[in-house]
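In what follows, a structure is listed as structure tokens, so that the remarks can point back to it.
Bear in mind these aren't lab numbers, they're just calculated from the coordinates by the rules spelled out. Remember, predicted model here, so these are calculated numbers, not experimental data. Cβ: placed from backbone, ideal geometry, glycine included. Neighbour counts: every protein chain shown.
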Amino acid sequence: MAVLPIFLVRLLAPLLRPVRVLVARRWLREAEVDAVLALLHPAWRLNRVFARVTGREWVSDDLLALHLRCNGNARGWLPGQHVQLYLQMEGVRYGRSYSLTRVGPGGRVELGIRRQPAGRLSNRVLDHLPVGAWVELGAAEGDLCWPEQASGVGLLAAGSGITALLGLLRDALDRGYSAPVMLLHYVRESGQRAYQAELQQLMLSHPNLQVRWLLTGPDALVGAHGGRFQPGHLLGMANFNLLACGPAGFVEAVRSCWGGTMQSEAFSPLRRVAEPGQPVQLDFARSRQQATGDSHRSLLEQAEEHGLRPAHGCRQGICASCTCTLLGGAVRDLRSGEAFAEPGQPIRLCVSAPLGDVQLDL
Ligand code: FES
């Protein structure tokens, strides 16, 4: 139980500066200081950011706005950046990066979290993380910034790419940005038009903002006003600065036909999922070794076949000594058939087989 209320934890955070100096000089150990602080409040740490879930709001069929209040350690964060969210699940720590859609006063932040078909952490957050729960957040990263001097701004988002751009847009409009802004959001189905009500409201209160949703799924109206991205969608933005955010292919398509100023952020490209029996590419990142493998044998067996010597014990998925981080691609648990495709996720090599091309921290 917390001895101190969270507002006091936030208030007292600057007073820990001398302790930080002692830790930096190695006169104190951060883990030990954190252990004492955690006794006073579950979110109090010397440097690490812990945050309480203060609200959950579905903003489309598959995207949740998660409202959080951080301890006093979230400093210098900006909307449009992204942070890792960490959760402990069944004794294993999982992390995944999400965009900051809002950074408010008093440590209040909002993240946009989209459901991923094989996303263990995302789905846990969406379905089981209640208001009042505590999560840990990593450092904020990302270089996207609002082009203040532009004569107009074009925002192009595909899927959950809207989250990074919405953070920047909200902030710019709040600060009174008055040049024309055109936002195009590409979604497969109409139920995925995230933040639609808010964006419609913003169009009413800010006449310089125009928003268009373009469906790319089976119901798509292909042409100048619909379908996947095509150069015609940029009509009217000739002198604008562009910001594009979405899957790598989408960002590349925009970049290839734009000669003006552009910033972009691309999700890591999805790796190929192999048909049964087809070879797959194994990328052992730490060993700087690539090899061809298959999708029916364990990664431990295949790594050993290619000369690597991963730590292991039981070879049955029990002892956890072969645990390794999945950096990209998807794997299948040979015991349950469950698929995992979350970058940063720990997997047990002896009971995981690649579902396609994979990259491992090995
Ligand atoms: S070797 Fe024991 S869990 Fe993989």
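Quick notes
- Using a simple spin-label model with pseudo-atoms 7 Å out from Cα toward Cβ, E189 and E338 lie 2.5 nm apart.
- A cut-off of 5 Å between modelled amide H atoms, ignoring neighbours fewer than 5 places along the same chain, links M262 with L242.
- Annotation: amide H-H contacts under 5 Å for Q345 (H modelled 1.01 Å from N, sequence separation of 5 or more, or interchain): L326.
- Placing +1 on the Cβ of every Lys and Arg and -1 on the Cβ of every Asp and Glu, with nothing else charged, gives the chain a dipole about its Cα centre of roughly 980 debye.
- For segment 171-228 versus segment 129-166, the gap between their alpha-carbon centres in whole angstrom: 15 Å
- Sites E198 and V131, calculated FRET efficiency, Cβ-Cβ separation with R0 22 Å, nearest 0.05: 0.60
- Working ranking of peptides 125-137, 26-38, 348-360 by packing, defined as the average number of other Cβ atoms within 10 Å per residue, highest first, is 348-360, 125-137, 26-38.
- Fraction of beta bridges assigned by DSSP in the chain that are antiparallel (%, nearest 5): 65 percent
- A Förster distance of 45 Å, applied to the separation of the beta-carbon atoms of H296 and A139, puts the FRET efficiency at 0.70.
- Inter-label distance for A38 and T325, nm, one decimal - labels placed 7 Å from Cα along Cα-to-Cβ: 2.0 nm
- In Hz, Karplus ³J(HN,Hα) per residue of segment 95-108 (6.51, -1.76, 1.60; θ = phi - 60°; x = Gly, Pro): x, 8, 8, 9, 7, 7, 8, 7, 10, x, x, x, x, 7
- The chain shape via C-alpha gyration tensor axes, a/c threshold 1.5: oblate
- If you plug the beta carbon distance of W58 and E305 into 1/(1 + (r/R0)^6) with R0 = 45 Å, you get a FRET efficiency near 0.45.
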